[in-house]
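Written below as structure tokens is the structure these notes are about.
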């Protein structure tokens with residue numbers, strides 16, 4: 001189970017880092033740039049720990065799927081980016097895929 005804790009920390013780091021990418025203005029703004037660099041460092045450190053017990057394909061699917069959903073939500077509320085019906089359907093399918101992997105797949109390592 002610590003693999004999934006590490007995966008959760010990797011996801012949080014990635015969401016924070018990605019959320020600050022726009023604010024970094026092409027890495028010209030110091031504080032957002034530091035948040036991005038540190039956030040991705042934390043992300044890949046914890047993701048590497050998670051992959052010691054979680055298969056890489058499953059870990060990456062969960063990491064990227066949940067990251068996409070969370071970043072889309074943050075972009076909607078923070079940056080005012082719109083999500084039309086096809087985008088919402090796509091995000092729903094991504095979330096459904098993550099749920100299917102975790103609940104039904106024997107490959108998920110739990």
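The values are calculated or read from the model by the stated rules, or taken from the named source; none is laboratory data. Every value quoted in this text rests on a predicted model; they were computed, and no experiment measured them. Using ideal geometry, Cβ is built from the backbone for each residue, glycine included, and neighbour counts are taken over all protein chains shown.
For the range 46-73, filtered to residues that are surrounded by fewer than 15 Cβ atoms within 10 Å (Cβ to Cβ) and in contact (Cβ under 8 Å) with a residue 12 or more places away in the chain, the residue that is nearest to residue 96 (Cα to Cα) is 57. Within the range 74-110, restricting attention to residues that are within 22 Å of residue 6 (Cα to Cα) and crowded, with 16+ Cβ neighbours inside 10 Å, the residue that is farthest from the chain's Cα centre (by Cα) is 108.
Restrict the check to the range 30-40 and report whether at least one residue is closer than 19 Å to residue 95 by Cβ and buried (at least 17 other Cβ atoms within 10 Å of the Cβ). No, the conditions are met nowhere in the range 30-40. Can you report the number of residues in the range 23-66 which are over 16 Å from the mean Cα position of the chain (by Cα), over 19 Å from residue 2 (Cα atoms) and modelled with pLDDT of 95 or more? Counting residues in the range 23-66 that are over 16 Å from the mean Cα position of the chain (by Cα), over 19 Å from residue 2 (Cα atoms) and modelled with pLDDT of 95 or more gives 11.
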